[in-house]
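The structure under discussion appears below in the form of structure tokens.
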Amino acid sequence: MEKIKNGDPIIYQNQEGVVYGRPREVKSLGLVYTIRIGNDYVKLSSWEIAQAMKIQ
């Protein structure tokens, strides 16, 4: 898997967004990234991002 960087485009639930800010450590999920989709923000684990990138 490629390294995920701030500003990387991503498609999540058929909506285009970008990785926003730095990853955060959450005990239950591991690394969590913030994804900005329009005016909304979604927190995704690296596994969920990898699944979304496979679809592209």
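Values in this text are rule-based calculations from the coordinates and carry no lab data. Bear in mind that the values here come from a model prediction, so they are computed numbers and not experimental data.
Quick notes on this one:
- Relative contact order [Cα under 8 Å, 6+ residues apart], the chain, whole percent: 27 percent
- Net length gained if the chain between residue 28 and residue 13 were fully extended (0.36 nm per residue, minus Cα distance): 3.1 nm
- Mean ellipticity per residue at 222 nm, deg cm²/dmol - from DSSP H runs of n ≥ 4 across the chain, formula -39500 (n - 2.57): -5000 deg cm²/dmol
- For region 1-43, the spread of Cα positions along the three principal axes, ordered from largest to smallest, is 27, 21, 17 Å.
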